[in-house]
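Report on the structure given below.
Throughout, read-outs are computed from the coordinates displayed, never taken from laboratory work. Model, not experiment: these values are computed from the prediction. Every residue, glycine among them, receives a Cβ derived from its backbone with ideal geometry; neighbour counts consider all protein chains shown.
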């Protein structure tokens, strides 16, 4: 047995230099990749995991990067010292890479065929017909149905999962020795994610290839990789076999990461509580029109005959994959999206009200969005952002009283008063989400719609935000409609859960029952794909 | 990208606080950023100084004295009308203070007068030169005279003032109409947008220059007519940019949040979308001002602009073309134009940086 590793990364440091500063993105990182091994780099955003992986292929912008120390040894040669022309021969043929976003990594103006054949003919030096045969074979292996027809498709004609399969087919068509997969399933739904990972594992065995998986998702890494390297702020803090690291973590940061997995934060539902929001037979249909006169030829049922009920002081989790209509449903309940069906809030019918009559009531039901970067106006200070709702709904407050309330709510979301004068771009994702929460909590609403509020955040920050939400709920008797695709998060915060698929409710019930005794096949599929931490079930 | 948050909930990261001094209001911080651009900052001072000075052109460059002391009484000819007979002359008409006879009276027998720095108004004909007009620079006419014997310095000062005032009002009107039209189209979209776009296509295909020529022959040409005509056509380009910014912005989450807060349409448009859509407006602002100056200059050059006696840079340039050897006409006008346009562009650049809140 050959004990020489396939790739040896030794004492690697990476600096990025711009006009004014030097950023040490990676500091003294060493790890080995054995042939046939799947190794994972985990860490939160900004930890340097992608930077380390890109260094193996020397894919950084040459004018900005320098390597103060270290080497990447492949076949007794240091890849960092290779010229661009030499690297080009290694990229794709020996080491291939797939990226997170399958839409933007395929060129939208060319059919799949042209893009696949190009790289095969370049690296394998075969003629067109042989390359085509190989490409069709690869597409078949990655599970694209009817490859001879699909190879003529343009990227936009394929679904997200299919595009990622095509990317894998392209990457593997030259039989590389190492595949670098940078968050390969982050943009995909859980069920698709599971299929892609299984495909990768199958192909890895077939080709006897190594896989370097970059991910922020500990669950995924635990189920997929053999060996794991944990990175934090550019440093590799711990590495080892997957079981050893997950069960006996040595470094405090690894333990902190593992402890950041969401845990059950709320108690069981209380039947005695009053109903706050009730919707019955909610439908949102979008007409598909054709021709000059906008003839209606079909309709898309984004939300189809949904009944929903939310009690005061409780959380209803709405879970589903993308396109399941969960956000549209949430928006309809808040009358931010036109719909049919009855909506009653605190006994009052909302669906019959005109927008102008609704406006004074809006204070009672608020919304927090997924992306804390686009949900705060970049040209308003934090004080203006948080104070805006007060000006509308509490016009009698004077400036001093307003400022006092803003300061109070900032303290409540654990933010410093010095934030008042700053603009949103000066804060990190978690801080911005706190500002977004402060903006709605200051109005003292009864209901908050949380649309994937933690999906853009790192795990440790995610947990802090979830804890904050639960604390606020208990203190102010808030009701939450919590929309998420992440079953782990949903489980930790919801009293009740509603599973949606293609606009319809598949199953609903209280959290414990739904997780332990799912009734529907689709729910079971979702649960198994989510690779939940099993210890928590017991 | 999301920067990693510190694990403790003491939320402000110390690394972030260093960049900007806290305790400053948004306005102060914008001014801070403006001052950081040295070129723009000094341009602003020089330009403001020159412009404010030119606003007092009547006091700086005039053929009437600022103050006359005649027989122990004070007169202010710049601000008031005095007959020649008031100073012991022969005519009932306004005293001609450049006339040798009047000057004689006002400077002898204990009488005196204080004259402006440049003792010519833009219409005054200078008789000092013994050479034919246009006469080269001399001790009386610092920048020479034009082909009708009027002082070039005086015409430049008044012409500069007129150009800047014209450009600023044209820019304000055009920008306001453009922003408003763009806001309405972008925010309401759909049918409003469709009809507005078709209207712009039709309106924009009208031949602007021909209209100017036709109107110049129907109406008495005046600066107001020019402002109205140019404003009618000048808003379209800008409205397209604002419309695009609004179309992009209205689907962003912060607009949805504002709607969920219960904000009215006009509130969302003016408080949320407008500040975020100003980048193209600010970027084009200096170019619009300089474009307006150039438009006035070239219309005057072609003889389609302001009435003949009005002091104008374009008219001076056209004289410069007629009298190629009279370098003082074209060179001085050219200098004023280049200086003004350059400073405006520098100021605009600094303004754009100042209003970008993302820069620290």
Cα extents of the stretch A:138-215 along the principal axes, largest first, in whole Å, come to 31, 26, 16
Compactness check, chain B: C-alpha Rg relative to the 2.2 N^0.38 Å globular estimate gives 1.32
Percent relative contact order for the stretch A:436-533, counting Cα pairs under 8 Å at least six residues apart, stands at 21
Cα-based Debye curve of the stretch A:112-243 sampled at q = 0.13, 0.14, 0.16, 0.21 Å⁻¹ gives log₁₀ I(q)/I(0) of -0.59, -0.68, -0.84, -1.26
Per residue of B:269-280, other chain Cβ atoms within 10 Å number on average 2
With only helices counted (DSSP H, runs n ≥ 4, each -39500 (n - 2.57)), the per-residue ellipticity at 222 nm for chain A, to the nearest 500, works out to -10500 deg cm²/dmol
Checked the stretch B:42-184 against the a/c 1.5 cut and the a/b vs b/c comparison, axes a ≥ b ≥ c from its Cα gyration tensor; verdict prolate
Rounded to the nearest 5, the percent of antiparallel DSSP beta bridges in the protein assembly as shown equals 60
Given all pairs of distinct Cα atoms, the stretch A:45-96 yields a Kirkwood Rh in Å of 11.8
Output ordering of B:32-38, B:224-230 (per-residue mean of other Cβ within 10 Å, highest first) is B:224-230, B:32-38
Diffusion coefficient in µm²/s returned for the stretch A:328-450 by Stokes-Einstein, Kirkwood Rh over C-alpha pairs, 37 °C and 0.692 mPa s, is 213
Looks like the stretch B:162-219, by Cα gyration tensor root eigenvalues a ≥ b ≥ c and the a/c under 1.5 rounded cutoff (else prolate when a/b is bigger than b/c, oblate otherwise), is oblate
Computed over the stretch A:258-374, the distribution of all Cα-Cα distances in 5 Å bins, rounded to whole %, is 2, 9, 16, 18, 18, 15, 10, 6, 3, 2, 1, 0
Chain A, convex hull of Cα, quarter of hull surface, nm² -> 29.8
Check: C-alpha center the stretch B:218-260 vs C-alpha center the stretch B:141-159, spacing in Å is 39
Between the modelled labels at residue A:340 and residue A:208 (7 Å from Cα along Cα→Cβ) the distance in nm is 6.4
re the stretch A:176-292: pairs of Cα atoms spaced beyond 24 Å account for a percent value of 52
Shape call for the stretch A:389-452, from the Cα gyration tensor axes a ≥ b ≥ c (a/c under 1.5 means rounded, otherwise prolate when a/b beats b/c, else oblate), comes out oblate
Per the rule of 0.36 nm per residue minus the C-alpha distance, extending residue A:287 to residue A:18 adds in nm 91.8 nm
In degrees rounded to 10, the 0-90 angle between helix A:399-412 Cα long axis and the longest Cα principal axis of chain A is 50
Most packed first (mean Cβ within 10 Å per residue), the peptides A:34-47, A:465-478, B:171-184, B:89-102 order as A:34-47, B:171-184, A:465-478, B:89-102
Rounded to a whole number, the Stokes-Einstein D of the stretch A:1-68 in µm²/s (Kirkwood radius over Cα pairs; 20 °C; 1.002 mPa s) is 163
In degrees rounded to 10, the 0-90 angle between helix A:459-476 Cα long axis and the longest Cα principal axis of chain A is 10
The Kirkwood hydrodynamic radius of the stretch B:316-360, taken as the inverse of the mean 1/r over all distinct Cα pairs, in Å, comes to 12.6
Normalised per residue, the volume inside the convex hull of the alpha-carbon atoms of the stretch B:245-345 in Å³ amounts to 130
Distance in Å, no decimals, from the C-alpha centre of the stretch B:53-124 to the one of the stretch A:124-138 is 97
CD proxy, 222 nm, chain B: helix-only mean residue ellipticity via -39,500 (n - 2.57) per DSSP H run with n ≥ 4, per residue, nearest 500, stands at -19000 deg cm²/dmol
The FRET efficiency for residue B:188 and residue B:51, from their Cβ-Cβ distance with R0 = 35 Å and rounded to 0.05, is 0.35
Assertion target for B:53, A:134, A:481, ordered by fewest C-beta neighbours within 10 angstrom first, is B:53, A:134, A:481
The distance between the Cα centres of the stretch A:228-291 and the stretch A:4-24, in whole Å, is 31
log10 I(q)/I(0) for the stretch A:195-237, Debye formula on C-alpha points only (no solvent), q = 0.27, 0.35 Å⁻¹, two decimals, reads -1.04, -1.35
Here the relative contact order (percent) of chain A, from C-alpha pairs under 8 Å and at least 6 apart, is 15
Over the Cα atoms of the stretch A:398-538 the radius of gyration and the largest Cα-Cα distance (Dmax), both in Å, equal 17.6, 57
Rounded to the nearest 10, the angle in degrees between the Cα long axis of helix A:128-141 and the longest principal axis of the Cα atoms of chain A comes to 50
The correct pair for the protein assembly as shown, radius of gyration to one decimal and Dmax as a whole number, both in Å and from Cα atoms, is 36.7, 125
Stretched fully, the stretch from residue A:477 through residue A:305 gains (0.36 nm per residue minus C-alpha distance, one decimal, in nm) 59.0 nm
